[in-house]
Amino acid sequence: MGFEVICFGALNVDKLYRVDRLAGADEESIILDFKESPGGSAANTAVGLARLGVRVGYIGKVADDREGSLLIKSFMDEGVDTGGIIVSRTGRSGSVIGFVDRRGNRALYLDPGVNNTLRYEEINLDYIKGAKFLHLTSFAGDEPFNAQKKIVENFSEIKVTLDPGLIYARRGLDALRPLIRRCYAILPSEMEIQLLTGRDYREGAEILLREGAEIVAVKLGERGCYITDGSESYIIEPFKVEVVDTTGAGDAFCAGFIYGLLRGKNLKECGILGNFVASRCLMRMGARDGLPRLADLPL
């Protein structure tokens, strides 16, 4: 039996420092707490989907080190299949150093490690066959980006979802066209869609639809989300919660939204599910601790 969703993105260990405020240049801040946890945008979404009962596989790369073992074990504990993960004998696994202030705002510093060395030729293509959805997130390097472009060209029967992140948004619309034209749904933040299109989120969404995406779901942070397929459009209010940490909230939104698509929910319901899963993530430190289970969903 094939996977319902395969996630394909960077794998990183998040090293998060809770601070009294985010320091600027030549400033100082006080560290209040520290937490190390497995992360990576597509990886967080994979765990969110697995908690909702979805059969999830993963394509990525780690090194044969402590961080790589942590990343793989975390998937095994959550029920995410690890058969598509390549383990490098050399190099170091990816990591992110993050600083989170009292209001949940954050600053992140990425060390890609072996993520940047993932090549198309290393991927077991049989692993992908039969999947319903392929969810893509960003890599810093060109090799894995090119691998993603080849994958979507060769598996035209799979529905593609893309969370571009700032890294891919900064590449620009021309660079992302091979992915966008294959997108069943693209899920950018408001800043990302402005970077990609040079327009506000409503006009930017229309541009992405013309480029080939069937659905655009824009994450608006504390204002909720904007969903459109060109014929229907909705602004969906967020769930009001006390924000502890914004890390992984966008990834959590993707998990809820993709779950809705898989289960045949309408556009508005998919947006509500995305907002709900994101809201539960916001209430806990780190990207995964707050992710809900299937029984918690409002729909």
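The values are calculated or read from the model by the stated rules, or taken from the named source; none is laboratory data. The shown structure was predicted, so the numbers you read here are calculated from the model rather than taken from an experiment. Glycine also receives a Cβ, built like all others from the backbone with ideal geometry; neighbour counts cover every protein chain displayed.
So here's what we get for this one:
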item: Residue under evaluation residue 248, criteria (1) small (Gly, Ala, Ser); (2) modelled with pLDDT of 95 or more; (3) on the phi > 0 side of the Ramachandran plot, criterion not met; result: (2)
item: Strands (runs of 3 or more DSSP E) contained entirely in the stretch 168-279, each with at least 2 residues that are surrounded by fewer than 22 Cβ atoms within 10 Å (Cβ to Cβ) and out of contact with any helix residue (DSSP H, G or I) (no Cβ under 7 Å at 6 or more places or on another chain); result: 233-236
item: All positions within the stretch 56-78 that are out of contact with any helix residue (DSSP H, G or I) (no Cβ under 6 Å at 6 or more places or on another chain), of a type outside the set (Gly, Ala, Ser) and touching a residue at least 40 places away in the same chain (Cβ under 8 Å); result: 59, 67, 70, 71
item: All positions within the stretch 73-96 that are surrounded by fewer than 15 Cβ atoms within 10 Å (Cβ to Cβ) and outside any helix (DSSP H, G or I); result: 83, 89, 90
item: Where residue 53 falls short, out of the listed (1) surrounded by fewer than 24 Cβ atoms within 10 Å (Cβ to Cβ); (2) touching a helix residue (DSSP H, G or I) at 6+ places or on another chain (Cβ under 8 Å); (3) not in a loop (DSSP other than H, G, I, E, B); result: (3)
item: Residue within the stretch 79-89 that is closer than 15 Å to residue 41 by Cβ and touching a helix residue (DSSP H, G or I) at 6+ places or on another chain (Cβ under 6 Å) present; result: yes
item: Every residue from the stretch 97-113 that is part of a loop (DSSP other than H, G, I, E, B) and either at pLDDT 95 or above or aliphatic (A, V, I, L, M) (or both); result: 112
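One line per residue, one yes/no per condition, for (1) more than 29 Å from residue 91 (Cα to Cα); (2) not charged (D, E, K, R):
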residue: 16; (1), (2): no, yes
residue: 22; (1), (2): yes, yes
residue: 26; (1), (2): yes, no
residue: 32; (1), (2): yes, yes
residue: 39; (1), (2): no, yes
residue: 42; (1), (2): no, yes
residue: 51; (1), (2): yes, no
residue: 54; (1), (2): yes, yes
residue: 58; (1), (2): no, yes
